[in-house]
Ligand SMILES: [Zn+2]
């Protein structure tokens, strides 16, 4: 992942300057999805010019009059919510650190609560679709793995109590992407499956001493453990690799605190949607306003 390319986040003022009305938003969808000049699907003219049609969410080929609907097949297509409100909602999602609730959209956009909730869920889907989909790790790459328990009753002293809680697993590459998943339980089989689906062989793994992780080692992975039970939070192994799980732990801290403050309670069934939202933001946080275009491209 290229992290040298720092871009600043868009301010509200810049947002409204860039997307002052529905026409500007439609123009942006057209540009991101088709390009303003593209080969016309009907007359076949290469680099054809398309003109915006009055009062319709459509463009028309300057050569044959063929209509192009940039919003076709997107979350915008059948929505009666104006594009400007959709764009502003997406802007709120990428600007926020603690997430955006449906209630917040209801208040900020003046849409109904039901509409706000639905928009939020659809934007979370976009975030899932637009996120990094590849495998993590590989030779000389290091990954931290840690699971967490979301919602439900308070965990016992051990911190592993899962009564009524949703179990989530996080795998974060050092200076790289994070992958998260809701898992049925913290058994070795559950952890193992997600691990092998998402981590390349030959990776250096750091976990705490939770026994389930012992089973991730055999397949050519190098595994180091920190003993949280003994208040050990980092160590260096005999090959000189530094082991800790601070990166993924920080992610869980932010996620749990945000869920508590923004959403109060999220149902088990929707935990993955909220997780996708936070994972996307974590993976794209240094993209600044380009994050916005990634999401629009995912519509
Ligand atoms: Zn044409």
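The values are calculated or read from the model by the stated rules, or taken from the named source; none is laboratory data. Because the structure is predicted, anything quoted here is derived from the model rather than measured. Positions of Cβ are generated from backbone atoms using ideal geometry, with glycine treated the same way; all protein chains shown enter the neighbour counts.
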Counted residues, segment 280-294 - those being modelled with pLDDT of 90 or more and more than 14 Å from residue 100 (Cα to Cα):
3
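Hey, any hits in segment 9-16 for a residue that's within 22 Å of residue 298 (Cβ to Cβ), assigned to a helix (DSSP H, G or I) and at pLDDT 90 or above?
Yes, segment 9-16 has at least one match.
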Here are some residues: 131, 146. Which one is in contact (Cβ under 8 Å) with a residue 12 or more places away in the chain, part of a loop (DSSP other than H, G, I, E, B), within 20 Å of residue 252 (Cβ to Cβ) and touching a helix residue (DSSP H, G or I) at 6+ places or on another chain (Cβ under 7 Å)?
131
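Let's see how each residue does on (1) out of contact with any strand residue (DSSP E or B) (no Cβ under 6 Å at 6 or more places or on another chain); (2) assigned to a helix (DSSP H, G or I); (3) more than 30 Å from residue 94 (Cβ to Cβ):
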{"site": "229", "(1), (2), (3)": "yes, yes, yes"}
{"site": "239", "(1), (2), (3)": "yes, no, yes"}
{"site": "254", "(1), (2), (3)": "yes, yes, no"}
{"site": "259", "(1), (2), (3)": "yes, yes, no"}
{"site": "265", "(1), (2), (3)": "yes, no, no"}
{"site": "271", "(1), (2), (3)": "no, yes, no"}
{"site": "279", "(1), (2), (3)": "no, yes, no"}
{"site": "294", "(1), (2), (3)": "yes, yes, no"}
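Working only within segment 52-64, note down all residues that are more than 15 Å from residue 25 (Cα to Cα) and more than 7 Å from the ligand (Cβ to nearest atom).
Result: 60, 62.
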Would you confirm whether any residue within segment 34-42 is in contact with a helix residue (DSSP H, G or I) (Cβ under 9 Å, 6 or more places away or on another chain) and modelled with pLDDT of 90 or more?
no
Qualifying residue in segment 68-88 (condition: surrounded by 21 or more Cβ atoms within 10 Å (Cβ to Cβ), within 16 Å of the ligand (Cβ to nearest atom) and in contact (Cβ under 8 Å) with a residue 12 or more places away in the chain):
yes
Residue among 124, 80, 52 that alone is assigned by TED's automatic domain parsing to the domain that holds residue 25 and closer than 30 Å to residue 253 by Cα
124
Being within 16 Å of the ligand (Cβ to nearest atom), within 26 Å of the chain's Cα centre (by Cα), without any contact (Cβ under 8 Å) to a residue 60 or more places away in the chain and farther than 19 Å from residue 291 by Cβ: is that true of residue 110 here?
no
Being surrounded by 15 or more Cβ atoms within 10 Å (Cβ to Cβ), modelled with pLDDT of 90 or more, in contact with a helix residue (DSSP H, G or I) (Cβ under 6 Å, 6 or more places away or on another chain) and not assigned by TED's automatic domain parsing to the domain that holds residue 71 narrows it down to one of 249, 277, so name that one.
277
So, of the residues in segment 40-51 that are without any contact (Cβ under 8 Å) to a residue 24 or more places away in the chain and in a loop (DSSP other than H, G, I, E, B), which turns out to be nearest to the ligand (Cβ to nearest atom)?
43
